[in-house]
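These notes are about the structure you will find just below.
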Amino acid sequence: MNEAWFLGFLVCYPFVGGFLSWIAGQWAGRRAMASGGGHDAQRMADAMLRDSGFCADFFAVTECLAMGWLFVRYAGMVGEGAVLSLHVAEVCGFGFSFTLDGFRLLYAMIVAFMWMMTVILSRQYFTGYPNTPRFYLFLLLTLGATMGVFLSANLYTTFVFFEMMSFTSYVWVAQEETVPALRAADTYLAVAVIGGLVMLMGIFGIRHELGTLEIAALAKAAAGYENKTVLYALGSCMLVGFGAKAGAFPLHIWLPKAHPVAPAPASALLSGILTKTGIYGVLVITCGLFLHDAKWGNLILAIGAVTMLIGALLAVCSIDLKRTLACSSMSQIGFILIGVGMQCLLGEENALAVHGTMLHMVNHSLIKLVLFLAAGVIYWNAHALDLNEIRGFGRKKPLLKAIFLTGALAIGGIPFFGGYISKTLLHESIVEYGSVGVMRALEYVFLFSGGLTVAYMTKLFVAIFVEENRDRARQEKYDSQTGYMNGESTFALAGSALVLFIWGLFPHTVMDRAAALGQGLMRLAGFGETVHYFSLTNLCGGLVSITIGALVYLFVIRKILMKEGAYINRWPSWLDLENRIYRPLLMEFVPLVLGACCLVPDGLTDRIVQVLIPVGAVFARAYERAPDGLVVGLRKSIYRDSPLPRERLEGNPFTDALGGIMNAAQAVANCLWRRKHPLQVDHRHTLALRYEELRENGMIIGRSLSFGLMLAGVGLCLTLVYILWM
């Protein structure tokens, strides 16, 4: 068999596994219902989890083994470019194209490894949970879609699997079906759909202007394109879609809200992998359309700096374990974007930025796998995430303490751990460009954000593993817990921490070789000079951040963000961008502008249009509300409601008629065969209540954001079908 088809196997195999896992869970549930008389819900949930979980384990482990074989086989050959390419023609018009180079090989391996570990741990996490087959179905569907994104060879393939990944991962956020989970899922889906639609506009424009969507050909096509303004506009459209998934400011709003409500295995993948699909897209656009472009680099640098700082500030103020880790992910994405921006500014001498970007992506993925899985262990034992409630949980749990400490030290940039190496490379890339003016300010923000990372990770570690809970009974309960992890969960969590620890121990032997794998995608020819990571100069940079972190922890977190021994969140609620800006904007401003645009005649100058838009908005709103106001006024005056002789109190004519027939049949039955046990049910009222319930559910669905987004998605699909058909 042609080995190129192995790329297609890696993408399609998880889809098959997802449906088989769901079927296995459903069959197990039906068997449990039959054996238990249909009344033991817990038995059914356990049976569904067991069978669907084992099936998902098999497919995740075999996917990882297959990817491992591919990694061993081709790791030494990818330095010269792509080693495998696959084009599947006649699929969705353009066909799908996949390729395998160094970057894709490494990240596909990380994806497979992280999915395997999260699937193994999730069986204990979901003990007693309903709907586990559904979770495993969408977990494996997302694995296939994510593989499709990272192995894609053109932007069309990237877009299809990128959007597929967004819709399948939506179920992760909404899994528990609570009000906060559904609202966070709505936000996640809204950002994904809007970002995807904007990205699609950019893809259409790139195809029209450059004549190609092949990722490998973008740099050459863009180099010969003279109208940079158009190229910047198209790149910005792509940046919106990819930046939204990465969690970059100001499209980060889904990230701090989705993680606390999503299951911990899902949070590990959302933070560690799905955000990296967005970074992958940013790298494709930056290194394809804007290779060594200083203007584009400054844009990415500005977004990265704001994302890095705000994410760290949010994490310092947060008192929810998973929300803190989510805000931390936002901050670390900012660090990565700093590396992407520095690649543009440094030009052909950007080896430090390329290697720092690549390594910090890998570091962050592995770190968040460890930290979020550890958070899952804490949650399923303590059933809480608030630091004041889980305080002291890990005081007598040395294994969990060592695992969490490994992730905390790595993300804090402590020497001899992986995060120190990647942050050193990123910091040195800033210094290499020149520490004057704006770049000096950027260096200070970089070091300060690194210090905030040390501060909030110290807060988490001290609260969970050092301090005692203020509730003595709860602390005694925590201290007495012994079997808080089973063997599978211990393997998944300890194995992930061991990989992270070994990864950071060998910076030149392991990490430098991994950094070299990303050079092809980022178009770096030579490796550059070898960096002495533990020289006095580089150690001083790390020590500056550690010192800042210690000061912030002692004088801000302990003095300002604690009150009477309890952790408090002092972040102002009015800084919530979603509730203060985005939702009001979507609900009010957009309809006004659309209505105003309908009133603006053609041929006016731009200045006149700018004046007419707000004026038209006022008239549009008044015109919209006028009929309703007129009707309400007439009904309160001339046509005031009056009781009708046969006015129906509830239901509709159909429920009234059917209920009457059922009442008559009930009366006949009570006179004949049910005389000893007559029924006294008002079927008119029962049917009317059922009718009102269905109508209310229909109104809720019809007015929900999810329903509107679903219609938008259907419209997008119909548009794509029409384009492909024509």
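The values are calculated or read from the model by the stated rules, or taken from the named source; none is laboratory data. Predicted model, so just to flag it, every value in this text is computed and none were measured. Using ideal geometry, Cβ is built from the backbone for each residue, glycine included, and neighbour counts are taken over all protein chains shown. For the accessible areas, the whole protein counts, side chains as well, though only heavy atoms, and no ligand, DNA or RNA atoms are used. Shrake-Rupley method; radii C 1.70, N 1.55, O 1.52, S 1.80 Å.
Please go through region 388-408 and give me each residue that is hydrophobic (A, V, I, L, M, F, W, C), in a helix (DSSP H, G or I) and crowded, with 22+ Cβ neighbours inside 10 Å, ordered by number. I'd like the intermediate steps shown before the answer.
Residues of region 388-408 hydrophobic (A, V, I, L, M, F, W, C): 390, 393, 399-400, 402-405, 408.
With the extra rule that they be in a helix (DSSP H, G or I), the set shrinks to 390, 399-400, 402-405, 408.
Correct list: 390, 400, 403, 404, 408.
Residues being surrounded by 24 or more Cβ atoms within 10 Å (Cβ to Cβ) and in contact with a Phe, Trp or Tyr (Cβ under 9 Å, 6 or more places away or on another chain): count how many of those fall in region 340-350.
Applying the first criterion (surrounded by 24 or more Cβ atoms within 10 Å (Cβ to Cβ)) to region 340-350 yields 340-343, 350.
So of that shortlist, the ones also in contact with a Phe, Trp or Tyr (Cβ under 9 Å, 6 or more places away or on another chain) come out as 341-342.
Qualifying residue count for the region: 2.
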- Of all residues in region 1-51 being at pLDDT 70 or above and in a loop (DSSP other than H, G, I, E, B), which is most open to solvent (accessible area, probe 1.4 Å)? 3
- Check region 249-264 and report whether any residue there is closer than 21 Å to residue 288 by Cβ, out of contact with any Phe, Trp or Tyr (no Cβ under 9 Å at 6 or more places or on another chain), open to solvent by 20 Å² or more (accessible area, probe 1.4 Å) and assigned to a helix (DSSP H, G or I). no
- Say we look at region 226-248 and pick out the residues that are of a type in the set (Val, Ile, Thr) and farther than 18 Å from residue 193 by Cα; which of these is least open to solvent (accessible area, probe 1.4 Å)? 230
- Message: I'd like the residue in region 645-662 that is of a type in the set (Gly, Ala, Ser) and within 12 Å of residue 690 (Cα to Cα) and, out of all such residues, is modelled with the highest pLDDT.
- Response: 659
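Of everything in region 498-526, what is outside any helix (DSSP H, G or I), open to solvent by 70 Å² or more (accessible area, probe 1.4 Å) and either at negative phi or of a type in the set (Gly, Ala, Ser) (or both)? Give them in sequence order. Even if it seems obvious, please write down each step before you answer.
Pass one, region 498-526, residues outside any helix (DSSP H, G or I): 506, 518-526.
If we keep only those that are open to solvent by 70 Å² or more (accessible area, probe 1.4 Å) too, we end up with 506, 523, 525.
Answer for region 498-526, where residues must be outside any helix (DSSP H, G or I), open to solvent by 70 Å² or more (accessible area, probe 1.4 Å) and either at negative phi or of a type in the set (Gly, Ala, Ser) (or both): 506, 525.
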- If you take the residues in region 288-315 that are of a type in the set (Val, Ile, Thr) and either touching a strand residue (DSSP E or B) at 6+ places or on another chain (Cβ under 8 Å) or surrounded by fewer than 23 Cβ atoms within 10 Å (Cβ to Cβ) (or both), which one is nearest to residue 552 (Cα to Cα)? 310
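Quick check: anything in region 360-383 hydrophobic (A, V, I, L, M, F, W, C), open to solvent by 10 Å² or more (accessible area, probe 1.4 Å), over 21 Å from residue 412 (Cα atoms) and more than 19 Å from the chain's Cα centre (by Cα)? Walk me through it before giving the result.
Looking only at region 360-383, we keep the residues that are hydrophobic (A, V, I, L, M, F, W, C), and these are 361-362, 366-367, 369-375, 377-378, 380, 382.
Cutting the leftovers down to open to solvent by 10 Å² or more (accessible area, probe 1.4 Å) gives us 366, 380, 382.
Narrowing the set further to residues that are over 21 Å from residue 412 (Cα atoms) leaves 380, 382.
Going one step further and asking which of them are more than 19 Å from the chain's Cα centre (by Cα), we end up with 380, 382.
Yes, region 360-383 has at least one match.
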- Query: Looking only at region 201-213, which residues are open to solvent by 10 Å² or more (accessible area, probe 1.4 Å) and in a helix (DSSP H, G or I)?
  - Reply: 201, 204, 205, 207, 208, 209, 210
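Return the residues of region 416-460 that are of a type in the set (A, V, I, L, M) and open to solvent by 10 Å² or more (accessible area, probe 1.4 Å); say none if nothing qualifies.
431, 436, 438, 439, 441, 442, 445, 447, 454 - these are the residues of region 416-460 that are of a type in the set (A, V, I, L, M) and open to solvent by 10 Å² or more (accessible area, probe 1.4 Å).
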- Task: Look at region 179-200 and say how many of its residues are open to solvent by 30 Å² or more (accessible area, probe 1.4 Å) and either closer than 20 Å to residue 268 by Cβ or touching a Phe, Trp or Tyr at 6+ places or on another chain (Cβ under 7 Å) (or both).
- Result: 1
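I'm checking my understanding of the structure. Among residues of region 623-644 that are of a type outside the set (Phe, Trp, Tyr) and outside any helix (DSSP H, G or I), which one is modelled with the lowest pLDDT? First the steps, then the outcome.
Step one: filter region 623-644 for residues of a type outside the set (Phe, Trp, Tyr), giving 624-638, 640-644.
Remaining after also requiring outside any helix (DSSP H, G or I): 637-638, 640-644.
Numbers: 637: 55, 638: 49, 640: 52, 641: 48, 642: 47, 643: 47, 644: 44.
The selected residue is 644.
Within region 98-124, restricting attention to residues that are hydroxyl-bearing (Ser, Thr, Tyr) and open to solvent by less than 10 Å² (accessible area, probe 1.4 Å), which residue is farthest from residue 175 (Cα to Cα)?
Just the residues of region 98-124 that are hydroxyl-bearing (Ser, Thr, Tyr), to begin with: 99, 107, 118, 122.
Add one more test, that the residue is open to solvent by less than 10 Å² (accessible area, probe 1.4 Å), and what stays is 107, 118, 122.
Values: 107: 27, 118: 16, 122: 13 Å.
Filtering region 98-124 for residues that are hydroxyl-bearing (Ser, Thr, Tyr) and open to solvent by less than 10 Å² (accessible area, probe 1.4 Å), the one farthest from residue 175 (Cα to Cα) comes out as 107.
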- Can you name the residue in region 131-145 that is in contact with an Asp or Glu (Cβ under 9 Å, 6 or more places away or on another chain) and closer than 15 Å to residue 176 by Cα and is also surrounded by the fewest Cβ atoms within 10 Å (Cβ to Cβ) among such residues? 131
- Query: Can you pull out the residues in region 649-667 that are assigned to a helix (DSSP H, G or I) and open to solvent by less than 80 Å² (accessible area, probe 1.4 Å)?
  - Reply: 655, 656, 657, 658, 659, 660, 662, 663, 664, 665, 666, 667
- Of all the residues that make up region 300-327, how many are out of contact with any Leu (no Cβ under 8 Å at 6 or more places or on another chain) and either of a type in the set (Lys, Arg) or under 20 Å from residue 284 (Cα atoms) (or both)? 1
- Query: Quick one: in region 532-562, which of the residues that are open to solvent by 60 Å² or more (accessible area, probe 1.4 Å) and in contact (Cβ under 8 Å) with a residue 40 or more places away in the chain is farthest from residue 456 (Cα to Cα)?
  - Reply: 534
- Message: Need pairs with beta-carbon distance below 9 Å; first residue within 16 Å of residue 217 (Cβ to Cβ) and assigned to a strand (DSSP E or B) and within region 81-98, second among the basic types (Lys, Arg) and modelled with pLDDT of 85 or more; sequence gap 6+ or separate chains.
- Response: 98/104
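Is region 451-472 home to any residue that is more than 30 Å from residue 61 (Cβ to Cβ), at pLDDT 85 or above, over 29 Å from the mean Cα position of the chain (by Cα) and in a helix (DSSP H, G or I)? Give the steps one after another, and end with the answer.
As a first pass, look at region 451-472 and keep what is more than 30 Å from residue 61 (Cβ to Cβ): 451-472.
Now narrow it down to the ones that are at pLDDT 85 or above: 451-472.
Retained after the next criterion (residues that are over 29 Å from the mean Cα position of the chain (by Cα)): 466-472.
Applying the additional criterion that residues be in a helix (DSSP H, G or I) yields 472.
Yes, because at least one residue in region 451-472 is more than 30 Å from residue 61 (Cβ to Cβ), at pLDDT 85 or above, over 29 Å from the mean Cα position of the chain (by Cα) and in a helix (DSSP H, G or I).
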- Message: Within region 57-76, take every residue that is within 25 Å of the chain's Cα centre (by Cα) and among the aliphatic types (A, V, I, L, M) and give me the one that is surrounded by the fewest Cβ atoms within 10 Å (Cβ to Cβ).
- Response: 61
